[in-house]
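K.L.:
Below you'll find the structure I mean.
The values are calculated or read from the model by the stated rules, or taken from the named source; none is laboratory data. Keep in mind it's a predicted model, so treat the numbers as computed, not measured. Cβ placement follows ideal geometry from the backbone for every residue including glycine, while neighbour counts extend to all protein chains displayed. To get the accessible areas, we keep the full protein, side chains included, count just its heavy atoms, and leave off ligands, DNA and RNA. Shrake-Rupley method; radii C 1.70, N 1.55, O 1.52, S 1.80 Å.
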Amino acid sequence: MRQFPDAKAVVGALAPDEPVILTRPHAAARAARFFVEKFPGKAMYAVKANPSPDLLQILWDSGVTHYDVASIGEVRLVRGLLPDAALCFMHPVKTPRAVREAYFEHGVKTFSLDTIEELEKIVEATTDASGKAAKDLALLVRLRVSSEHSQLSLAAKFGTDLTDARPLLQATRQHCDALGICFHVGSQAMTPFAFVQALERVRAAIAEAAVTVDIVDVGGGFPSVYPGMEPPPLEDYFALIHRHFEALPISYSAELWAEPGRALCAEYSSIIVRVEKRRDNELYINDGAYGALFDAAHVAWRFPVRALEDDLIKPEAEFAFYGPTCDDADYMAGPFLLPDDIKADDYIEIGMLGAYGAAMKTAFNGFGATEAAIVTDEPMASLYRGDRPDPRASDNVVSLR
Ligand SMILES: *Cc1c(COP(=O)(O)O)cnc(C)c1O
């Protein structure tokens, strides 16, 4: 892949007709090292946030050894690229064939579940041809927790309710070498108290079931930085999680795990788009809801933007975007702040698209072709550079102290 200093240099060299995905390997490596060094337990990468092979290699090279996979496709992908990685199959609804292939062909020993039926499925699918049950399983019971502090809910679909957790934990204990409890507080959790609340529920589940728990997995939800979403420092999340984990009624040797997706890869990618038409304060650009901007369209996520032309002089105004397809839903309300003299043929860089952005492109309506380049400048925002103003100084985030 060609390397450039920044997005402007890419536009200068290529004047691209198609969107260009820019990757910043140094930003992903920095995020990975941060979690590896500072998270007080094991941080595995949630592959669905961005399964790009280049990114997986960067994370591995930066010390991320465990990967949260959710489908047999992700199992095969990661196993093919990283033969020595530990894979954890953390989707609570799997097919028996997927479990069997993961266990017998790819060495996957860790599975999550939220029903007795899924437990029975896993036990059966990991029993060998001579009828011998697996002795080396790590099974994590997924607990339903609140998503109230997060920008994207993951509370409705998966997880056993606290009231049903006791029989499930007791039954699971009979079939595993290591028993765990996992949860997901929802993506982009804007305060560490989301994890504190969830860990309180874990405490209640352990007390009710009176089982020995070997693993507590706090899932994903660690935030990144976007316009209007300035979370507290990740160190605050780590400190509170550690303190509340240590206070749980678990064995001295119990392990703490996390499954960050977004926080490890949001800064990895941005995209260059071109304005094809302007209608008042609506810009028709060449990527959209069916491309890297799914969240901008469907949950009105605001990504940072910057104009890449030097001759724009007017003050910023608020713009909405239309994507390239013929679908009215291919619309991103924003608002996105850009110079008021921006016009057709100008280029824009849209930042912070490494998580759930670049990974979600489709070819709907014949669009979706992209070019790719590596850039060496800084991402538009970063949680890991140490120069971010502390948002606790403002009063629009929940303060810890
Ligand atoms: C999506 C997902 C993650 C990653 O979530 P982020 O909010 O991106 O950190 C982790 N664990 C599970 C089970 C998931 O489904």
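K.L.:
I need a count of the residues in region 107-123 that are open to solvent by less than 30 Å² (accessible area, probe 1.4 Å) and either touching a Ser or Thr at 6+ places or on another chain (Cβ under 6 Å) or farther than 14 Å from Leu139 by Cα (or both).
P.N.:
Here the count works out to 2.
K.L.:
Select from region 353-394 the residues that are of a type outside the set (A, V, I, L, M), farther than 30 Å from Met190 by Cβ and either at pLDDT 95 or above or in contact with a Ser or Thr (Cβ under 7 Å, 6 or more places away or on another chain) (or both) and list them in ascending order.
P.N.:
Phe364, Asn365, Phe367, Gly368, Thr376
K.L.:
Going by what's in this entry, would Phe158 be described as among the aromatic types (Phe, Trp, Tyr), open to solvent by 10 Å² or more (accessible area, probe 1.4 Å) and assigned to a loop (DSSP other than H, G, I, E, B)?
P.N.:
Spelling it out, Phe158 is indeed among the aromatic types (Phe, Trp, Tyr), open to solvent by 10 Å² or more (accessible area, probe 1.4 Å) and assigned to a loop (DSSP other than H, G, I, E, B).
K.L.:
Which of the residues belonging to region 250-265 are more than 10 Å from the ligand (Cβ to nearest atom) and touching a Pro at 6+ places or on another chain (Cβ under 7 Å)?
P.N.:
Matches in region 250-265: Leu256 only.
K.L.:
Quick check on my filter: what residues within region 327-351 are of a type in the set (A, V, I, L, M, F, W, C) and at pLDDT 95 or above?
P.N.:
Across region 327-351, the qualifying residues are Met332, Ala333, Phe336, Leu337, Leu338, Ile342, Ala344, Ile348, Ile350.
Results for (1) under 17 Å from Arg24 (Cβ atoms); (2) within 14 Å of the ligand (Cβ to nearest atom); (3) buried (at least 16 other Cβ atoms within 10 Å of the Cβ), shown as yes or no for each residue.
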site: Ala49; (1), (2), (3): yes, yes, yes
site: Pro53; (1), (2), (3): yes, no, no
site: Leu59; (1), (2), (3): yes, yes, yes
site: Ser62; (1), (2), (3): yes, no, yes
site: Thr65; (1), (2), (3): no, no, no
site: Gly80; (1), (2), (3): no, no, no
site: Pro83; (1), (2), (3): no, no, no
site: Met90; (1), (2), (3): no, yes, yes
site: Val93; (1), (2), (3): no, yes, no
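K.L.:
Check Ala300 against each of (1) open to solvent by 50 Å² or more (accessible area, probe 1.4 Å); (2) over 30 Å from Ile241 (Cβ atoms) and name the one condition it does not meet.
P.N.:
(2)
K.L.:
Still on this structure, please answer the following. Can you give me the ranges of the helices (runs of 4 or more DSSP H) entirely in region 193-284 with at least 3 residues that are surrounded by fewer than 23 Cβ atoms within 10 Å (Cβ to Cβ) and of a type in the set (A, V, I, L, M)?
P.N.:
193-209, 234-246
K.L.:
Out of all the residues in region 293-333, which are of a type in the set (Gly, Ala, Ser), in contact with a Phe, Trp or Tyr (Cβ under 8 Å, 6 or more places away or on another chain), in a strand (DSSP E or B) and within 21 Å of Gly368 (Cα to Cα)?
P.N.:
Ala320
K.L.:
Can you tell me which residues in region 36-47 are within 14 Å of the ligand (Cβ to nearest atom) and over 15 Å from Cys265 (Cβ atoms)?
P.N.:
Across region 36-47, the qualifying residues are Phe39, Lys42.
K.L.:
Report yes if Val185 is closer than 27 Å to Ser382 by Cβ, within 16 Å of the ligand (Cβ to nearest atom) and surrounded by 22 or more Cβ atoms within 10 Å (Cβ to Cβ), otherwise no.
P.N.:
yes
K.L.:
List pairs: first in region 186-214 and under 14 Å from Phe238 (Cβ atoms), second hydroxyl-bearing (Ser, Thr, Tyr) and part of a loop (DSSP other than H, G, I, E, B), Cβ under 9 Å, 6+ apart or cross-chain?
P.N.:
Correct list of pairs: Ala189/Ser147; Ala194/Ser146; Ala194/Ser147.
K.L.:
If you check Ala102 against the conditions, is it at pLDDT 95 or above, among the hydrophobic types (A, V, I, L, M, F, W, C) and not assigned by TED's automatic domain parsing to the domain that holds Gln170?
P.N.:
Criteria not met by Ala102.
K.L.:
Let me ask something else about it. Filter region 117-163 down to the residues that are of a type in the set (Asp, Glu) and modelled with pLDDT of 95 or more, then identify the one that is farthest from the ligand (Cβ to nearest atom).
P.N.:
Across region 117-163, the extreme among qualifying residues is Asp128.
K.L.:
Then there is this: Checking Cys176 against (1) outside any helix (DSSP H, G or I); (2) touching a Ser or Thr at 6+ places or on another chain (Cβ under 9 Å); (3) under 27 Å from Lys121 (Cα atoms); (4) more than 16 Å from the ligand (Cβ to nearest atom), only one condition comes out false. Which one?
P.N.:
Failing condition for Cys176: (2).
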